[in-house]
Structures are given as structure tokens and as C-alpha cells.
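Shown next, in C-alpha cells, is the structure this report addresses.
The values are calculated or read from the model by the stated rules, or taken from the named source; none is laboratory data. Just so it is clear, the structure is predicted and the values come from calculations on it, not from any experiment. Note that we place each Cβ from the backbone using ideal geometry, even for glycine, and neighbour counts take in every protein chain shown.
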Amino acid sequence: MDRIHKIGRRKTAVARVYVSDGKGKITINNKDLNDYFPTATLQYKVNQPFSLTDTVGNYDVKVNVYGGGITGQAEAIRLALSRAMCEIDAENRLTLKPEGLLTRDPRMVERKKFGQKKARKKFQFSKR
């Protein structure tokens, strides 16, 4: 198997994932997974596509991720890995799709409008 390249996005985070055969080493921005994502929840999110498809430790993953916060980055990586797992084996789609891992979450931060305090909050109104 040659190297598979996929992109995942979430909010303003963009993750480029390169998957190749290996021993299960995950490198994010030239750091180990446990160093880049210190909390167990974020590590679980990144490993979720592998655990659902029973391929833990089969592939080496190199990730370039930028933008957003750490949660958005973890979910962007999860989407990219899920897309890569579908390209490796079409059967994986049947397990990942019901879990919602192949759906791009479209929710973004709403922009601030002029004449208002925030996106939806207005300045205090004074009647008199």
C-alpha cells in the first residue's frame, strides 16, 4: 500500500493526513499523539476510526494540522482518518457512516455585525 492523503476540516481547523502501512505510530506536527493531545478524550477522538474498524496498530499516520483550537483539530483529524479508512477498504464505510464520522460538521462561528455588540447581541437600548 502506498501513502494515502486525505483532508479533514472542523470549524477553522484543517488537517492533512498521510496514512501508510506501519506499526501504529501517530505523529501530529512532528510530535507524538500523547504529547500533542494531552487529554484522553482528544486521544480517543483521534483513535476512534481505527478502533471502530479494528485496525489499531496497522497504520502509521503523519498529520499536519493548523487553525482552530485543540478540540476542532482533533475532530478534523478524525474526519480525515475516517475518509482514509474508507479509501483503504470500502467495507469500513458501513461501520463509520452510522457513527457520524464521515459527516463534515458545518457549524462555524457567526460573524460580528456592525452596529451590534457581537454576532447577535445588541447594544443596550434606552427608551428615554
**Message:** Looking at segment 17-39 only, could you name the residues that are hydrophobic (A, V, I, L, M, F, W, C) and either closer than 17 Å to I4 by Cβ or modelled with pLDDT of 95 or more (or both)?
**Reply:** V17, V19, I26, I28
**Request:** Only residues that are in a helix (DSSP H, G or I), crowded, with 18+ Cβ neighbours inside 10 Å and either in contact with a Leu (Cβ under 9 Å, 6 or more places away or on another chain) or hydrophobic (A, V, I, L, M, F, W, C) (or both): list them for segment 49-72, please.
**Result:** P49, F50
**Complete:** Of (1) surrounded by fewer than 10 Cβ atoms within 10 Å (Cβ to Cβ); (2) at pLDDT below 95; (3) of a type in the set (D, E, K, R), R111 fails just (2)
**Asked** Going through segment 6-52 one residue at a time, which ones are touching a residue at least 40 places away in the same chain (Cβ under 8 Å) and not aliphatic (A, V, I, L, M)?
**Response** K6, G8, R9, R10, K11, T12, R16, Y18, S20, Q48, P49
**Message:** Please count how many residues of segment 1-11 are touching a helix residue (DSSP H, G or I) at 6+ places or on another chain (Cβ under 7 Å) and part of a loop (DSSP other than H, G, I, E, B).
**Reply:** 1
**Prompt:** Can you pull out the residues in segment 82-128 that are part of a loop (DSSP other than H, G, I, E, B) and of a type in the set (S, T, N, Q)?
**Reply:** T103, Q116, Q124, S126
**Asked** surrounded by 17 or more Cβ atoms within 10 Å (Cβ to Cβ), assigned to a strand (DSSP E or B) and in contact with a Leu (Cβ under 7 Å, 6 or more places away or on another chain) - does that describe any residue in segment 24-39?
**Response** yes
**Asked** For segment 8-23, what are the residues that are surrounded by fewer than 16 Cβ atoms within 10 Å (Cβ to Cβ) and within 14 Å of the chain's Cα centre (by Cα)?
**Response** T12
